[in-house]
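Let me begin by presenting the structure, written as structure tokens, before commenting on it.
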Amino acid sequence: MSDQPVRYEVAGGVATITLDSPANRNALSRALVAALRQSLDAALADEQVRAIVLTGTGNTFCSGADLKEQRENNATGGDEAMRENARQLAAIFKTIWHAPKPVVGRINGHARAGGLGLVGSCDIAIAADTATFAYSEVRLGLVPALISVVTLPKIGISKGMEYFLTGEPFDAEVACQIGLINAVVAPDLLDAAVARYAGMLLKGGPNALALCKKLVRDVPALTMDEGFAMATELNPRMFATAEALEGMTAFAEKREPRWTEGR
């Protein structure tokens, strides 16, 4: 165990960012949020990194806000400190949501409140079947304001209303059924499942991956005419890229694409 709240490792084109603050169950303290932002920035700046895995240590992925820090802020009248914390956390959610590199959530354990914001921000999330989830804010007299932005698009109005209002925990199977996560596996199969998804992502062209992610994020907000107008411009532009030429050539030659040469 490190004295740093977040660990960062790169291997085989994949950056793994691990929340490692077991003393507070990987809560979103100021120190953890700052270290997480630093790790995300490092992964996005590294040309060798093609995909990012976000995970935690122990039996908790992320327990949400650091309530001890929040109580201390209240006691000292630190309204601006709390606003700054909210801004920093929102910036992390937006960074993951809009990152040109795919982000895979390796949900090793329980996720609560703000932790669901990290889960919802990920492009693909795989959870151990021992993990549980809860929008627990209402039971503390709070609201899931920040995380609503990145989780409601996935779980929808009906389930959002149910779980926001009740704060009731739900298991990984339910999380998968409502669209918060993509897959559920036994804990001893979690690494293999994450590696499988990461391996599939590494097969895609870097620019194509970034634009596929953008399509999924943006198209639902467009009208049909706007969507087709965008697509009729994008399709021919992509066919003309060096990356696409490399991909099509590799397909014709029955070999793996050399993406770094085809960009």
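The values are calculated or read from the model by the stated rules, or taken from the named source; none is laboratory data. Note that the coordinates shown come from a computational prediction; the quantities given were computed from them, not determined experimentally. Here the Cβ is made from the backbone with ideal geometry for all residues, glycine too, and neighbour counts use every protein chain on show.
Annotations for the structure displayed:
- Filter result for Ala244 (buried (at least 16 other Cβ atoms within 10 Å of the Cβ) and part of a helix (DSSP H, G or I)): yes
- Evaluating Leu180 against the criteria (1) touching a residue at least 40 places away in the same chain (Cβ under 8 Å); (2) part of a helix (DSSP H, G or I); (3) of a type in the set (A, V, I, L, M, F, W, C) leaves one unmet condition, (2).
- Within the span defined as region 8-22, one or more residues are assigned to a helix (DSSP H, G or I), more than 30 Å from Thr260 (Cα to Cα) and in contact with a strand residue (DSSP E or B) (Cβ under 9 Å, 6 or more places away or on another chain).
- Scanning region 216-241 for residues that are of a type in the set (Val, Ile, Thr) and in a loop (DSSP other than H, G, I, E, B) turns up Thr223, Thr241.
- Among the residues listed as Leu36, Leu19, Leu40, the single one being in contact with a Cys (Cβ under 7 Å, 6 or more places away or on another chain) and either among the hydroxyl-bearing types (Ser, Thr, Tyr) or surrounded by 20 or more Cβ atoms within 10 Å (Cβ to Cβ) (or both): Leu19
- Matching helices (runs of 4 or more DSSP H) fully within region 56-173 where at least 3 residues are closer than 20 Å to Leu40 by Cα and either β-branched (Val, Ile, Thr) or touching a residue at least 60 places away in the same chain (Cβ under 8 Å) (or both): 79-98, 114-121, 145-166
- Within region 156-174, being out of contact with any Ser or Thr (no Cβ under 8 Å at 6 or more places or on another chain) and closer than 16 Å to Gly114 by Cβ holds for one residue alone: Tyr163.
- Residues of region 187-220 that are crowded, with 17+ Cβ neighbours inside 10 Å and not aliphatic (A, V, I, L, M): Tyr197, Gly204, Gly205, Pro206, Asn207, Lys213.
- Restricted to region 183-215, and to residues there that are part of a helix (DSSP H, G or I) and touching a strand residue (DSSP E or B) at 6+ places or on another chain (Cβ under 6 Å), the residue that is farthest from Gly13 (Cα to Cα) is Pro187.
- Checked against the criteria, Val184 counts as β-branched (Val, Ile, Thr), at pLDDT 95 or above and surrounded by 13 or more Cβ atoms within 10 Å (Cβ to Cβ).
- Among the residues making up region 138-180, a single one is surrounded by fewer than 16 Cβ atoms within 10 Å (Cβ to Cβ) and among the basic types (Lys, Arg): Arg139.
- For Thr132: the one exception among (1) in contact with a Ser or Thr (Cβ under 9 Å, 6 or more places away or on another chain); (2) surrounded by fewer than 23 Cβ atoms within 10 Å (Cβ to Cβ): (1)
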